[in-house]
Amino acid sequence: LFTRLGALMPGSFEVAEIHGPIRGPLDIRGLTYKRPGAMEVHIAHLFVDWRLRELLARRLDIQKLYAEGVRIVQAPKTQENTPLPDVNLRFNILLRDARVRDLDVASQDGKSVLKIDSIDLVTSELKNIFHLDRLSVRSPVINADVSGRLQPQGDYPLDLTAKWSVRPAGMTEVAGGGALSRNLKKMQG
């Protein structure tokens, strides 16, 4: 399975333990994904329950994806802006229930950039348009709830609705919300 994933995603995978049949559910401990020059992702525990038979109908149907103890180490940013690539998935993707607990994003020197207590996500993809049914993020500094859609091709048009609050250290909480209908390509520049 991880050999096949390596063919789809540039980089390498390592797993300390894996339990369960390929058809799922899979209980994975000590998963590491490395993409040299870009990032490293370490996941202490990952649980995946998916419908293997749906692949025959060109659907990646994930019932549950639960991750705990996630650490992402980012490579230093380069100065040059690269164009957004067209993503043309050959499968419809359904992610019915995703939960991430205890996420830490760190810089290459090990300093924590962002800590997130929880992320809850429900999404689907149909005809190369991602539908974000619910994205809920909770952390000591920021809370956010987002829904909408994104097409990862061309100018990357997106249409999102969000509510958020920020609690900077030593300051009063600031909250807001609204809608965003733009193209990511225009926002990138």
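The values are calculated or read from the model by the stated rules, or taken from the named source; none is laboratory data. Keep in mind that this is a model prediction, so the values were computed, not measured. Every residue, glycine among them, receives a Cβ derived from its backbone with ideal geometry; neighbour counts consider all protein chains shown. Calculation scope for accessible area: heavy atoms of the full protein, side chains included, ligands and nucleic acids excluded. Shrake-Rupley method; radii C 1.70, N 1.55, O 1.52, S 1.80 Å.
Evaluating THR172 against the criteria (1) surrounded by 15 or more Cβ atoms within 10 Å (Cβ to Cβ); (2) free of Cβ contacts under 8 Å to residues at least 40 places away in the same chain; (3) not in a strand (DSSP E or B) leaves one unmet condition, (1).
Among the residues of segment 110-131, those that are in contact with a Pro (Cβ under 9 Å, 6 or more places away or on another chain), closer than 30 Å to PRO76 by Cβ and of a type outside the set (A, V, I, L, M, F, W, C) comprise LYS115, ASP117. Only one entry of ARG58, ARG35, ARG23 meets the criterion of being more than 30 Å from ILE142 (Cα to Cα), open to solvent by 80 Å² or more (accessible area, probe 1.4 Å) and at pLDDT below 85, and that entry is ARG58. Note on segment 121-139: residues that are open to solvent by less than 80 Å² (accessible area, probe 1.4 Å) and in a loop (DSSP other than H, G, I, E, B) amount to 2.
Could you list, in sequence order, the residues of segment 98-124 that are at positive phi and at pLDDT below 90? Walk me through how you get there before you give the answer.
Applying the first criterion (at positive phi) to segment 98-124 yields 102, 110.
Matches in segment 98-124: GLY110 only.
Among the residues of segment 125-138, those that are more than 18 Å from ILE62 (Cβ to Cβ) and modelled with pLDDT of 95 or more comprise VAL137, ARG138.
Inside segment 1-20, residues that are more than 24 Å from PRO76 (Cβ to Cβ), part of a strand (DSSP E or B) and either in contact with a Lys or Arg (Cβ under 6 Å, 6 or more places away or on another chain) or at pLDDT below 85 (or both) make up a count of 2.
I'd like to check something: does segment 148-159 contain any residue that is outside any loop (DSSP other than H, G, I, E, B), more than 17 Å from the chain's Cα centre (by Cα) and modelled with pLDDT of 90 or more? Within segment 148-159, one or more residues are outside any loop (DSSP other than H, G, I, E, B), more than 17 Å from the chain's Cα centre (by Cα) and modelled with pLDDT of 90 or more. Of everything listed in (1) of a type in the set (A, V, I, L, M, F, W, C); (2) open to solvent by 40 Å² or more (accessible area, probe 1.4 Å); (3) within 19 Å of the chain's Cα centre (by Cα), the single unmet condition for ALA144 is (2). Among the residues making up segment 95-120, those that are open to solvent by 40 Å² or more (accessible area, probe 1.4 Å) and not small (Gly, Ala, Ser) are ARG96, ARG99, ARG101, ASP102, GLN108, ASP109, LYS111, VAL113, LEU114, LYS115, ASP117. Taking into account only those residues within segment 38-53 that are open to solvent by 50 Å² or more (accessible area, probe 1.4 Å) and not in a strand (DSSP E or B), which is nearest to SER112 (Cα to Cα)? The selected residue is LEU52. ALA67 - would you say it is at pLDDT below 90 and aliphatic (A, V, I, L, M)? The answer is no for ALA67.
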